[in-house]
Structures are given as C-alpha cells and as structure tokens.
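Participant: Submitted below is the structure of interest, expressed as structure tokens.
The values are calculated or read from the model by the stated rules, or taken from the named source; none is laboratory data. Just so it is clear, the model here is predicted, and its values are computed rather than measured. Positions of Cβ are generated from backbone atoms using ideal geometry, with glycine treated the same way; all protein chains shown enter the neighbour counts.
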Amino acid sequence: MRLADLQAMFQAGVLAGAEDGARILESVKNSRQADRTTLFGVYVNAYHARLAEFLAADFPALRALIGEAAFDALADAYIGAQPSRERNARWYTTRFPDFLREQDAWCDNARAIDLAMFERALTDAFDAPDAEALPIEELAAFAPEQWPRLSFTFHPSLILLELEDGTIATHEAAMEQQDLPPPGEGRGHVAIWRADLDSVHCPLEADEFLALSLAMEGHAFGDICQMAAFRDLADASPERLAQMLTGWFQEGLVVGAKAREEG
Amino acid sequence: MTRPPALGHGLGLRPIYYDEILSTRPAVDWFEIISENYMVGGGRPTAMLERVRADYPIVMHGVAMSLASTDPLDFDYLSELKALAERIEPAWVSDHLAWTGVHGVTLHDLLPIPYTEEALAHVAERVMRVQDFLGRRLVVENASTYVAFRESEMSEWAFVNELARRADCLLLLDVNNVFVSGFNHGFDANEFIDTIDPDRVAQFHMAGHTDNGTHRIDTHDQPVCDEVWALYERARRRFGAVSTMIERDDNFPPFDELLTELGHMREIAARIDAENTRSAA
C-alpha cells in the first residue's frame, strides 16, 4: 500500500473512532502482548482525549456552569463535527463559542454562550500581538485644530463584548470554585485586554462602549462627537469623550494616533 | 559531519515553571521549548521566553512539522517557525519522524509510519527541503509508536540511520521513545542504541512513560524509570557528551524534583567520563 493511502486510512480510523473494523487494522500487526485493535486504540483515545483537554483548558468556567457531563457531551459533538485544521493546537478551540450558539440545545442559553465568549476573549487577549502603549503626552504634538480629526489605533489584545449581566461574576466564582451567582437580568458591556502580561477586563457604560467601538473602527474624535447615536446617549459631550480618551490612554489601550488630512 | 557542541543537561521550559526559573535562575544548562507554544502573537509566552533566553541557551523542539505526511509541506507554518528561530537564535531546531495528519486535518499527535523505501525517500526529500528553507540543519527525533505496520521493509533504526545519511540531518535520540517502542514492538532497545550512527546524534531526550501492562505510552507525566536510566547510560557511553534534557509535560512536580532528576543524569554522565578518563590513562 502506498504511504498516502495508508495515512488516509489511518486518519479515517482515528476520526471515526473505529477501534473495530477500521480498514487500517489490516495493515497493523498484533504485538506479543496486545492485539492490534488495542494498539490502534491508543491513537483513537489520544486524539479524542487531547482535543477534549484543549477545550476543558480554555473553557473551565463554562464547564463549571453547565456541568461536566453536559460539557463533555458538547466537547464530543464539537470534536465530531470539527476535526482540527489548525497546525497549532492553540487555535483549535476558537470556534467553540460559535458552535455552542449553533446548537439547538444551547442557542437560547445566553448565559452559557456569553460565558464562553468571555473565556475565548480572555484567551485571545492573553497572547495577542504586542504593541507599545502611546503616552498621552504624545497628544501634545497635535495642534488644537487637529483634534477633531484625530483617530487612534488600539492595542491588538483589546476586545469589546456585550454580555449578559453577571457573566463576569459567574466566571470569577467558577474560577475560585465558589457557588455560582444567579443569572443576571439585563445585558452590559465589557472591555477585555492584556495588561502586565495578563488578561484583564473592565465594565463599560453604554456611551463608552459605543465611543470605543467607533474609535476602534477608525472614526475620528470629532466624528464620534458628532455621531447621532453617541449624542443621544445621556451625558454625551466632547468633554465626556475627552475624559474617556484619557482613561484609554491611562489603561495603555491606545498605541497610535494620527490626524486625518483636511478636506 | 560535525555535531553541534554539547550544551550539557537541560529541561523543558514549561509555563508552570516560568516564575521559579526567572526568580531562582536554577543550575540548568539549557532549556528546550515546544516551538508551537511560542508561535503566537505575543504576551506572556513570548515575553517569558525572551527573559529566559537572556540567561540560557534555548533549543526549539516542534511537534507540528509533520515531516512524514503526504500532504504538502506547510510553508506558512515553516515561515512562522523560521521567524521564531531568527528571533530566539536557538542552538538548533528539531521535530519528529512522524506525521500529524493528511488532507488538511491535524490530529495533534505524532503518528507512525511504515518503514519502507517509499517513506524513506519521501521523508528524506522533505527534510532536505525544510533544511533549505530554514537555512539550518534539522534535528529529527525518533517518536514513540504503538502500532507496527505489515508494510515495513526495514527496522526503525535502519530507517533512521538512512534518513540521516540521505537528508544530511542530525538526530535527536529519544531514549525513552526507544524503550517504549522497543517494548511495544518487541525489539531490543539496546540494538537500536548500538546501531545509530554516533556522528549524527545531536541530542538525547529523557522522559517518563505510562506502563499499561500490554503496552507503554509516552506520557511525559512521571519520573524517568530505571530501565530508561539504564538505556541512557548505554547511550551516554556510546555517543559521549551529547546535550540531554528531561521532558515533563503533565502531572508537574515541584521544580526541585526535576532538578534532582537532572542531578541524577549528571552523576551518570560524570561517572562515565571518570571511567573513560581512567581507562585512557
């Protein structure tokens, strides 16, 4: 048998979990101590166990929330539906929250989906690319008339999410193996990013979530002030936006600033 | 054929030990990284690696090159690996005589091959292309395997020697893998050790494994067992002072326990060197 055919059959056997009757077994020898089904089973079991371990490691709070049995069933379904196409195992779990959202049994469970989204964001922020924070003093280089045209770039780790209230409290309780709080009633916003090599997060008011979202899209300072949606929010004013901007600099979220050309 | 200079006795750099390594600067001669763990954007993994690199030689050991796969080589992956190597300047770069998947799928495992002339020509050609691309000689490790194929036409050690000769690559002799595969397939681990070309061996791996009775699995979650220490002693006598490290990837003990294992390895090496000195005198 050619190598390519043997590898295709071997992989099919591992993915199918077929310890009996896998065609590859015809090419596998029994050892002195073990039959070939047992020996091939080492690869079948390792494949499943390894991927399940990746999921459990990246979503420990979700596992605590929905329970081990439900999590393991969900992991089984994900592994069955989604063979890894990632060279680096780091990225295998990335689609898990989306998969959860696509499942009939889970699509209405905002608490579980949002917790999974939050855990993925913590993981993504943790090893996102590095970037030097821009000191706020750099803004002195811009003339006052340039300010309305200023736009900013943000740290690559920064992620904004809308989550069910209580998601972060649930995460914290789960990580400390405490009793989980009851589900929240409304929805709120949170920023997740990396500071001092660890993922951190902070709740955002609706106006700051909107302003930061617009700023991350590249909208200029003056444009954000003008945006009707922003103006409609309580306490929205250029002064409020300047205050937010100062906070973003203080948190090290801003890594670049430039003034758009006039005209 | 020139082997790289021996770095001494090393350990795997694993996240659980970052703080202890950086705060105590332990007497470890060098560290080996799992390359893929640092092929990420940035953050703690790359920051810790750069700090450790400032004080210790580093060797890059990969698990995802899939040298024996019949899929095309993944040059996106190799580009990332090359960029990491250019940043870290490792003493060398290694990966396994194994494949990880075909048809674009990755099983995240080191999968076995039949030891055939076809596979030998295929892997040797790929090793040469990887070496050309990376601009450095590759160090290729024998993997632990749990199945043997009817299609095999030669022994694993004959395959490994011929691969090294044809591709002009170096070898990472995983002593524990020799033991595990020897047990699983019923070959004599001593014969494997005694047959490998000494000029090609750049590094040894040592590790613990799990004894499942009918077969053994390379789990890296236990101390090195007595049989593998004995095999190390045999390898150390045959191959001389080769850079050696202990892999531990699960069931992590206090770091001191790894240092104690490393001390045991040093004692064996020192004893052999003393014997050699006496017999030469």
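Participant: Please verify whether region B:68-75 includes one or more residues that are in contact with a Pro (Cβ under 7 Å, 6 or more places away or on another chain) and modelled with pLDDT of 95 or more.
Facilitator: no
Participant: For B:SER94, indicate whether it is under 21 Å from B:MET206 (Cβ atoms), of a type in the set (S, T, N, Q) and touching a strand residue (DSSP E or B) at 6+ places or on another chain (Cβ under 8 Å).
Facilitator: yes
Participant: Can you report the number of residues in region A:1-18 which are among the hydrophobic types (A, V, I, L, M, F, W, C) and either at the interface with another protein chain (Cβ under 7 Å from one of its Cβ atoms) or touching a helix residue (DSSP H, G or I) at 6+ places or on another chain (Cβ under 6 Å) (or both)?
Facilitator: Result for region A:1-18: 8.
Participant: Return the total of residues in region B:137-152 being over 18 Å from B:VAL63 (Cβ atoms) and out of contact with any helix residue (DSSP H, G or I) (no Cβ under 7 Å at 6 or more places or on another chain).
Facilitator: Of the residues in that region, 1 qualify.
Participant: In addition: Residues that are over 25 Å from A:ALA57 (Cα atoms): which strands (runs of 3 or more DSSP E) entirely in region B:1-103 hold 2 or more of them?
Facilitator: B:9-12, B:58-61, B:93-96
Participant: Among the residues of region A:116-124, is there at least one that is surrounded by 15 or more Cβ atoms within 10 Å (Cβ to Cβ) and more than 24 Å from A:VAL200 (Cβ to Cβ)?
Facilitator: No, region A:116-124 has no match at all.
Participant: For region A:181-209, what are the residues that are aromatic (Phe, Trp, Tyr) and either in contact with a Phe, Trp or Tyr (Cβ under 8 Å, 6 or more places away or on another chain) or in a strand (DSSP E or B) (or both)?
Facilitator: A:TRP193
Participant: Can you name the residue in region B:79-103 that is closer than 16 Å to B:PHE31 by Cα and in contact with a Gly (Cβ under 8 Å, 6 or more places away or on another chain) and is also nearest to the other protein chains (Cβ to nearest Cβ) among such residues?
Facilitator: It comes out as B:ASP95.
Participant: Which condition breaks for B:ASP109 when tested against (1) touching a strand residue (DSSP E or B) at 6+ places or on another chain (Cβ under 8 Å); (2) within 20 Å of A:ASP5 (Cα to Cα); (3) within 9 Å of chain A (Cβ to nearest Cβ)?
Facilitator: (1)
Participant: Quick one: B:GLU117 ticks every box in (1) facing chain A (nearest Cβ under 10 Å); (2) more than 15 Å from A:GLN7 (Cβ to Cβ) bar one, so which box is it?
Facilitator: (1)
Participant: Does any residue of region A:172-192 turn out to be closer than 26 Å to B:THR46 by Cβ, within 14 Å of chain B (Cβ to nearest Cβ) and at pLDDT 95 or above?
Facilitator: yes
Participant: Then there is this: Which numbered condition trips up A:PRO60, out of (1) more than 7 Å from every other protein chain (Cβ to nearest Cβ); (2) over 37 Å from the mean Cα position of the chain (by Cα)?
Facilitator: Going through (1) more than 7 Å from every other protein chain (Cβ to nearest Cβ); (2) over 37 Å from the mean Cα position of the chain (by Cα) one by one, A:PRO60 breaks only (2).
Participant: While we're here: May I ask you to verify whether A:GLY21 is more than 13 Å from chain B (Cβ to nearest Cβ), at pLDDT below 95 and surrounded by fewer than 21 Cβ atoms within 10 Å (Cβ to Cβ)?
Facilitator: Considered against the rule, which asks whether it is more than 13 Å from chain B (Cβ to nearest Cβ), at pLDDT below 95 and surrounded by fewer than 21 Cβ atoms within 10 Å (Cβ to Cβ), A:GLY21 comes out as yes.
Participant: I'm trying to understand the selection: among the residues of region A:26-40, which are more than 9 Å from chain B (Cβ to nearest Cβ) and either at pLDDT 95 or above or part of a helix (DSSP H, G or I) (or both)?
Facilitator: Across region A:26-40, the qualifying residue is only A:THR37.
Participant: Find the residue count for region B:214-254, including only residues that are in a helix (DSSP H, G or I) and touching a residue at least 60 places away in the same chain (Cβ under 8 Å).
Facilitator: The number of residues fulfilling the criteria is 2.
Participant: I've got another one for you. Would it be correct to say that A:GLY67 is within 12 Å of chain B (Cβ to nearest Cβ) and under 37 Å from the mean Cα position of the chain (by Cα)?
Facilitator: When the stated conditions are applied, A:GLY67 does not pass them.
Participant: To continue, here is another question. Could you grab me the full set of residues in region B:89-122 that are of a type in the set (Gly, Ala, Ser), crowded, with 23+ Cβ neighbours inside 10 Å and within 17 Å of the chain's Cα centre (by Cα)?
Facilitator: If the condition is that a residue be of a type in the set (Gly, Ala, Ser), crowded, with 23+ Cβ neighbours inside 10 Å and within 17 Å of the chain's Cα centre (by Cα), then B:SER94, B:ALA98 are the ones that fit.
Participant: Filter region B:148-195 down to the residues that are small (Gly, Ala, Ser) and either at negative phi or touching a strand residue (DSSP E or B) at 6+ places or on another chain (Cβ under 7 Å) (or both) and list them by number.
Facilitator: B:ALA148, B:SER152, B:SER155, B:ALA158, B:ALA164, B:ALA167, B:SER181, B:GLY182, B:ALA189
Participant: Ok, one more. Just a yes or no: is a residue in region B:59-70 more than 8 Å from chain A (Cβ to nearest Cβ) and surrounded by fewer than 20 Cβ atoms within 10 Å (Cβ to Cβ)?
Facilitator: No.
Participant: Do we find a residue being surrounded by 16 or more Cβ atoms within 10 Å (Cβ to Cβ), within 14 Å of another protein chain (Cβ to nearest Cβ), farther than 30 Å from A:ALA12 by Cα and among the hydroxyl-bearing types (Ser, Thr, Tyr) anywhere in region A:76-99?
Facilitator: Among the residues of region A:76-99, not one is surrounded by 16 or more Cβ atoms within 10 Å (Cβ to Cβ), within 14 Å of another protein chain (Cβ to nearest Cβ), farther than 30 Å from A:ALA12 by Cα and among the hydroxyl-bearing types (Ser, Thr, Tyr), which makes the answer no.
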